[in-house]
Amino acid sequence: MIELRTPTQIEQMRPAGRFVADVITRLSEVADVGMNLLELDAIAHRMIRERGAESCYIDYHPSFGASPFGKVLCTSVNDAVLHGLPHDYVLADGDLLSVDFAASVDGWVSDSAFSMVVGTPRPEDLHLIEVTDRALAAGIAATTVGNRIGDISAAIGEVARAGGLKVNLQFGGHGVGRTMHGDPHVPNDGRPGRGFKLKPGLVIAIEPWFVHTTDEIYTDADGWTIRSADGARGAHMEHTVAVTEDGPLVLTARDDARDRRGEQVAGA
Ligand code: MG
C-alpha cells in the first residue's frame, strides 16, 4: 500500500534525513586507504547511539537473509555493489567503496547511499560514479507532482544507457516512512508515463546502482553481499526524496560541499 504523508509529517521526517546525511558525510570524510570496514560500521554505530537513533539494519532479517544483518551499514567494495556486510577488510589504494545507511529518528526513516574511491582512482571508476550520480540527479528531477514512477525510472535508465551501462531491475528504490521499505517499488529503468502518479506526500528512496559491464549479480556466501557476476565494479547512489507542491525535497541532502568525489558530484 502506498502511503502519503502530510506536510507536518514531512517536517517530522527532516531530522532523520539530516542525521543520515550527517553520518554519510562523516563516513565519506574518514573512509580512506588503511581503514577497516568494521571501523566504519563502529563510527556509524556510535553516531546512532549519540543521536538516540535506531538502526534499520542491525535487526533486519528478511526471508532471504540467513540471520539478522547485525551491522548498521552496508559496505560494498569493488565487485560488491549492494548490501555489503561489513567484515574484517582493510581498504586498499584504488578501492571503490559504496556505503548504504538507513536509520530511524523520532519514528521516521531516511535512507541514503554513496560511492567513492579511496586513494588513487581508476578513470573508469570515476566515470561509473559520475554516471550513477547523474542518474540519481535525473531521477530526483523527475520526482514532481503529476509525473509517474515510470518517469523517474525512465530518467534514471536513460542516463545509464547513455553512459554505456546496463540496468538490473531486481533491486531499486522504494517507499520510505515508518519503516525502511514500503511501496512503491522504483525501478532503475522503465517507461515514461507508467505507474503510480506522484502526489504530494509521497516519500521514496531513489537509488540507482550500476556495474561497469553487466547487469547480472549473485549473492556472496555471507548471505547478504550482492556482487557482479563477472567481477566488474559497481557504484550506488541514493537519496530519500519527498514529493511536494514545490518540487522534490531531498531529505538526505548533504550540505557539506567537501566531497571526495570533487566535481563529479551532481545529485548530492
Ligand atoms: Mg539504502
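The values are calculated or read from the model by the stated rules, or taken from the named source; none is laboratory data. Just so it is clear, the structure is predicted and the values come from calculations on it, not from any experiment. With ideal geometry, Cβ positions are generated from the backbone for all residues, glycine too; neighbour counts draw on all protein chains shown. Surface areas here come from the heavy atoms of the whole protein model, side chains and all, with no ligands, DNA or RNA. Shrake-Rupley method; radii C 1.70, N 1.55, O 1.52, S 1.80 Å.
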Grab the alpha carbons of the range 108-254, take their convex hull, and tell me the volume per residue in Å³. 117
Given R₀ = 45 Å, what would the calculated FRET efficiency be for residue 120 paired with residue 63, taking r from the Cβ atoms and rounding to 0.05? 0.65
At 37 °C and 0.692 mPa s, grab the translational diffusion coefficient of the range 82-127 from Stokes-Einstein with a Kirkwood Rh over Cα pairs, rounded to a whole number in µm² per second. 261
Output the Kirkwood hydrodynamic radius of the range 60-137, Cα pairs only, in Å rounded to one decimal. 14.1
Kindly rank 234-244, 198-208, 62-72 from highest to lowest mean number of other beta carbons found within 10 Å of each residue. 234-244, 198-208, 62-72
With springs connecting C-alpha atoms under 10 Å apart, model the chain as a Gaussian network and identify which of 135, 31, 92 has the largest mean-square fluctuation. 92
With the contact rule set at Cα under 8 Å and sequence spacing of 6 or more, what percent relative contact order holds for the chain? 24
Over all alpha-carbon pairs of the range 44-92, lay out the pair-distance distribution in 5 Å bins, whole %, shortest bin first. 5, 18, 24, 23, 18, 9, 2
Tell me the accessible surface of residue 194 in square angstrom (1.4 angstrom probe, heavy atoms of protein chains only), to the nearest ten. 130
Stick to Cα atoms and the Kirkwood definition of Rh, then tell me Rg/Rh for the range 42-191. 0.98
Measure of compaction for the range 1-119 (Cα Rg per 2.2 N^0.38 Å): 1.10
Top positive-direction residue, dipole computed over the range 92-220 with Cβ charges, set 156, 200, 219: 200
The chain, Gaussian network, Cα under 10 Å: of 184, 121, 15, the residue fluctuating most is 121
Ignoring ligands, DNA and RNA, what percent of the 1.4 Å accessible area of the chain is carbon and sulfur? 50
Show that you can apply the helix-only estimate: for the chain, add -39,500 (n - 2.57) for every DSSP H stretch of four or more residues, divide by all residues, and state [θ] at 222 nm to the nearest 500. -9000 deg cm²/dmol
For the chain, with only Lys/Arg (+1) and Asp/Glu (-1) charged at the beta-carbon, what is the dipole magnitude about the Cα centre, in debye rounded to 20? 680
Length added when fully stretched, residue 12-residue 183, from 0.36 nm per residue minus Cα-Cα: 59.6 nm
accessible surface per residue for the chain, probe 1.4 Å, DNA/RNA/ligands not counted, whole Å² -> 41
Between residue 90 and residue 162, what length in nm is gained on full extension when 0.36 nm per residue of separation is reduced by their alpha carbon distance? 22.5 nm
Inverting the mean 1/r over all pairs of different Cα atoms, compute the Kirkwood radius of the range 7-265 and quote it in Å. 18.0
To make sure I understand the rule: partners must be aspartates and glutamates, Cα under 12 Å from the Cα of residue 199, and not fewer than 8 residues away in the same chain. Which ones qualify? 3, 245, 246
Quick check: pseudo-label points 7 Å beyond the Cα along Cα→Cβ at residue 170 and residue 214, how many nm apart are they? 1.0
